[in-house]
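Asker: The structure that follows is given in the form of structure tokens.
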Amino acid sequence: MQSYWRLHRYPILFAVACTLFYWSFAYNLVRTDFTKLLMLFGALFYLTSKILQFEKWNYKFLLGIGILFRLVFLFAEPNLSQDFYRFIWDGELIKNGINPYLYTPDQIMEQGEIVFTGMNKLYAGMTDLNARHYSNYPPINQILFALSAVLGGGSVVGSMIVLRLIIILADLGMLFFGRKLLQNLNRANHLAFWYFLNPLVIIELTGNLHFEGVMLFFFIWAIYLLSKNKWLWASPVYAISIMVKLVPLIFLPILVKYLGLKKSAIFYILVIAGCIMLLLPFYSSVFVDNYTETVGLWFSNFEFNASVYNVVKKIAVTYFEAKPWELIDTYGSYLKIGVLIIVLLLAFLRKNQSLDHVLSTMVIALALYYFLSSTVHPWYVIFLLGFAIFTDYKFPLIWSCTIILSYYAYSHPDFKENLWLLAIEYIVVIGYFIYELIGSRPKKLYFLKK
């Protein structure tokens, strides 16, 4: 024990400090206190990088502290997001035999009937935005929400703990298949810990109960099966990933050259068939209209932490007297078309015959989508980070650090963003993205060397 302490005392002390910081983050932080949030996050990111620098080959130590950091949040109420109230609301509706895609919370509350115990608390906790819109969470999410409602026994805290345990298990699954995939790609498997121990991942997933990690688990599992040439088995797993969050849909064209025309056609049919099967239990005559309407809002109504869109908006409003509410609707319409064109160009113009190239192309495609999007919440970047570790691109890691600047908006009652802070975030990230993209080969940060 003494010799172990002598050899590992600094990483152990760093891990203890991280545990205390995570505890403060979970139980003693309000999101309006931006200074404290920034200092805690910065300290956690620095200490984590030092732990990985010292202990990158110590699998048991890194696994143990990764689980410990997550368990710190087990009983904490999410303090940076209110989305979990809607998650539990949807789960309670399903438990009581109501399709969550058919009614908004506002509509149910207007009926004046008590559908389930605690509905008033959940309704009061969710944002007005959530309350007035139909659910936009795909079927696998809804099944997990329902599971949390059943196992949580009608308690908000109980449901919250179940959701948290599901997310922790997904992160462990991501670590398991991530290390296997890294080995198949002839890359150091310790790189998976840059996801597993990343403060943004722990805070936004385990802490704030977002499901990007669940999507990522199934996505990486599917990619691992593809790396083993088990593409038929990969198709239902890929479909499940899509039915957690829709983002993996945009990557389907990128697989054409890797699988070949015949295999990719079968793969697409199986993936689409899997998605349809998962959607069938929730289908009704108005389901499609309600769901597409809600999903479309993310392209044409919402804006947060945007880069290119903020520049376009500033120019259009200042010099062309554009109306912001009309601009975002028009911008969203063009964004859908633009993303499709970008993905198709990357799919057919880049060399995507090897899985290394496929993953690199996916990183570029998703990054460009986020750069162009009008809404980039911090937890969105986690998916990008999660499969970027299988490539040489390191700008997603940098983004997972700088994106915390976007939380400045929550320090104001009127939810006002600081464009200077967003400019710093994106200048650093896009600058490093371009640096890696135009170089002869992506450069490695010193602490990520194999």
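Asker: List the pair-distance distribution P(r) of the range 5-75, using every Cα-Cα distance, as the percent of pairs falling in each 10 Å bin from 0 up to the bin containing the longest distance, rounded to whole percents.
Answerer: Calculated P(r), rounded to whole percents: 19, 50, 25, 5, 0.
Asker: Turning to a different aspect of this structure: Kindly report the accessible area of the chain per residue (heavy atoms of protein chains, probe 1.4 Å, no ligands, DNA or RNA), in Å².
Answerer: Normalised by residue count, the accessible surface of the chain is 44 Å².
Asker: What is the ratio of the Cα radius of gyration of the chain to 2.2 N^0.38 Å, with N the residue count, to two decimals?
Answerer: Numbers: Rg = 21.8 Å, N = 450, 2.2 N^0.38 = 22.4 Å.
The value comes to 0.97.
Asker: Pop the C-beta distance of residue 295 and residue 2 into the FRET formula with R0 = 60 Å and round what comes out to the nearest 0.05.
Answerer: On the way: r = 58 Å, r/R0 = 0.97.
Using R0 = 60 Å, I get an efficiency of 0.55.
Asker: Could you tell me which helices of the chain pass both thresholds, a Cα extent of 30 Å or more along their own axis and a mean Kyte-Doolittle hydropathy of at least -1.0, with helices taken as whole DSSP H runs?
Answerer: 2-27, 34-55, 156-184, 324-349
Asker: Say each of residue 113 and residue 230 gets a label point 7 Å from the Cα, pointing the same way as Cα to Cβ; how far apart are those two points in nm?
Answerer: Taking the simple label geometry, residue 113 and residue 230 are separated by 4.6 nm.
Asker: Still on this structure, I have one more. Using a probe of 1.4 angstrom, how much of the accessible area of the range 114-198 is carbon and sulfur, in percent?
Answerer: For the range 114-198, the apolar C and S fraction of the accessible surface comes to 61 percent.
Asker: Mind jotting down the distance between the C-alpha centroids of the range 302-334 and the range 9-67, whole Å?
Answerer: Value for the Cα centre distance between the two parts: 38 Å.
Asker: Moving on. Under 19 Å between alpha carbons, and skipping anything fewer than 8 positions from residue 56 in its own chain: which aspartates and glutamates qualify?
Answerer: Filter leaves 171, 392.
Asker: Test of understanding: in a Gaussian network model of the chain with alpha carbons linked when under 10 Å, which of 12, 220, 403 would top the mean-square fluctuation ranking?
Answerer: 12
Asker: Which of the peptides 58-64, 230-236, 160-166 is most tightly packed, and how do the rest follow, going by the mean number of other Cβ atoms within 10 Å of each residue?
Answerer: Numbers: 58-64: 15.3, 230-236: 17.9, 160-166: 21.1.
Going from most to least packed, we get 160-166, 230-236, 58-64.
Asker: Where the centroid of each part is defined by its Cα atoms, how far is the range 233-276 from the range 85-154 in Å?
Answerer: Using only Cα atoms, the two centres lie 30 Å from each other.
Asker: I've got another one for you. If exposed GluC sites (Glu not before Pro) are those in a DSSP loop with at most 14 other Cβ within 10 Å, what is the longest stretch of the chain that has none? Intermediate values should be presented prior to the final figure.
Answerer: Working: sites that count: 113, 321.
Value returned for the longest uninterrupted segment is 114-320.
Asker: Okay, moving on. More than 18 angstrom separation, counting every C-alpha pair in the range 290-351; what % is that?
Answerer: 45 percent
Asker: Give me log10 I(q)/I(0) at q = 0.15 Å⁻¹ for the range 92-160, Debye formula, one equal scatterer per alpha-carbon, no solvent.
Answerer: -0.45
Asker: Separate question: Is the shape of the range 280-389 best called rounded, prolate or oblate, per the rule: a/c under 1.5 gives rounded, else a/b larger than b/c gives prolate, else oblate, with a ≥ b ≥ c the square roots of the Cα gyration tensor eigenvalues?
Answerer: The shape class here is oblate.
Asker: Quick check of the Kirkwood formula: for the range 48-137, what is the inverse mean of 1/r over all pairs of different Cα atoms, in Å?
Answerer: Here the Kirkwood hydrodynamic radius works out to 15.8 Å.
Asker: Roughly what % of Cα-Cα distances in the range 151-227 sit above 19 Å, to the whole percent?
Answerer: 39 percent
Asker: Please give me the summed charge of the neighbours of residue 221: other residues whose Cβ is under 14 Å from its Cβ, Lys and Arg +1, Asp and Glu -1. Don't skip to the answer; put the middle values down first.
Answerer: Numbers: positive: 179, 180, 228, 230; negative: 171.
Net of charged neighbours comes to +3.
Asker: Calculated from DSSP H runs of 4 or more alone, at -39500 (n - 2.57) each and per residue, what is the 222 nm mean residue ellipticity of the chain, nearest 500?
Answerer: -21000 deg cm²/dmol
Asker: Identify which of 43, 316, 423 has the largest mean-square fluctuation in a Gaussian network model of the chain, with springs joining Cα atoms closer than 10 Å.
Answerer: 316
Asker: Would you kindly give the portion of the calculated P(r) for the range 321-450 that falls above 27 Å, as a percent of all Cα pairs?
Answerer: Working: 2133 of 8385 pairs.
Every Cα pair in the range 321-450 considered, those over 27 Å come to 25 percent.
Asker: What are the residues whose amide H is under 5 Å from the amide H of residue 375, where those residues sit 5 or more places off or on another chain and H is modelled from the backbone?
Answerer: 304
The values are calculated or read from the model by the stated rules, or taken from the named source; none is laboratory data. As the structure is a computational prediction, the values presented were derived from the model and not from experiment. Neighbour counts run over all protein chains shown; Cβ positions are idealised from the backbone, glycine included. The protein model used for the area step is the full one, side chains on, heavy atoms only, and it has no ligands, DNA or RNA in it. Shrake-Rupley method; radii C 1.70, N 1.55, O 1.52, S 1.80 Å.
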